[in-house]
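**Student:** Please read through the structure below; I'll follow up with questions.
The values are calculated or read from the model by the stated rules, or taken from the named source; none is laboratory data. No experiment lies behind these values; they were computed from the predicted model shown. As a convention, Cβ positions derive from the backbone with ideal geometry for all residues, glycine included, and neighbour counts pool all protein chains shown. For the accessible areas, the whole protein counts, side chains as well, though only heavy atoms, and no ligand, DNA or RNA atoms are used. Shrake-Rupley method; radii C 1.70, N 1.55, O 1.52, S 1.80 Å.
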Amino acid sequence: MNWNQRLMRALRAGFERHARVRTLGVLRGMNERQLRDLGFSPDLIREGVSAWPWRIEQVEVLHDGQSNRQVWAAEAELNAYSDAEPADFGLSRDDIPDAVRNGRSSTDRVAA
């Protein structure tokens, strides 16, 4: 490898690292929900540039067997409804994430 090729590799690596640092700065300005919605792992973001590509590599399985993708899809579907529709289920928009993950406490605790 001649010096031109080494110089080009070094420049490319420098530009790539610079781009990762800038991107990391933008991602660190987001909350955990935004990061997860975009497919980024908040834990990897906290680790910094060395943890790049910061993507959620595998689908996490929640305690009740639901995957993150299933949870996100259910939340997105409920959030797409009008305000009246979740209210028919006894939910406010703020209750949707917890209800999708844990059920509705007001109805799930009622004895049959």
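**Student:** Could you say which residue among L11, L35, L24 is under 21 Å from V71 (Cβ atoms) and either in contact with a Pro (Cβ under 6 Å, 6 or more places away or on another chain) or hydrophobic (A, V, I, L, M, F, W, C) (or both)?
**Tutor:** From the options L11, L35, L24, the qualifying one is L35.
**Student:** Filter segment 48-58 down to the residues that are assigned to a helix (DSSP H, G or I) and farther than 23 Å from G14 by Cα and list them by number.
**Tutor:** Scanning segment 48-58 gives no hits.
**Student:** I'm trying to understand the selection: among the residues of segment 83-105, which are of a type in the set (S, T, Y) and closer than 21 Å to R33 by Cα?
**Tutor:** S92
**Student:** Considering only segment 14-61, state which residues are over 30 Å from W72 (Cα atoms) and open to solvent by 60 Å² or more (accessible area, probe 1.4 Å).
**Tutor:** Hits for segment 14-61 are F15, E16, R17, H18.
**Student:** Any residue in segment 40-47 that is over 24 Å from V71 (Cβ atoms), over 10 Å from the mean Cα position of the chain (by Cα) and assigned to a helix (DSSP H, G or I)?
**Tutor:** No, the conditions are met nowhere in segment 40-47.
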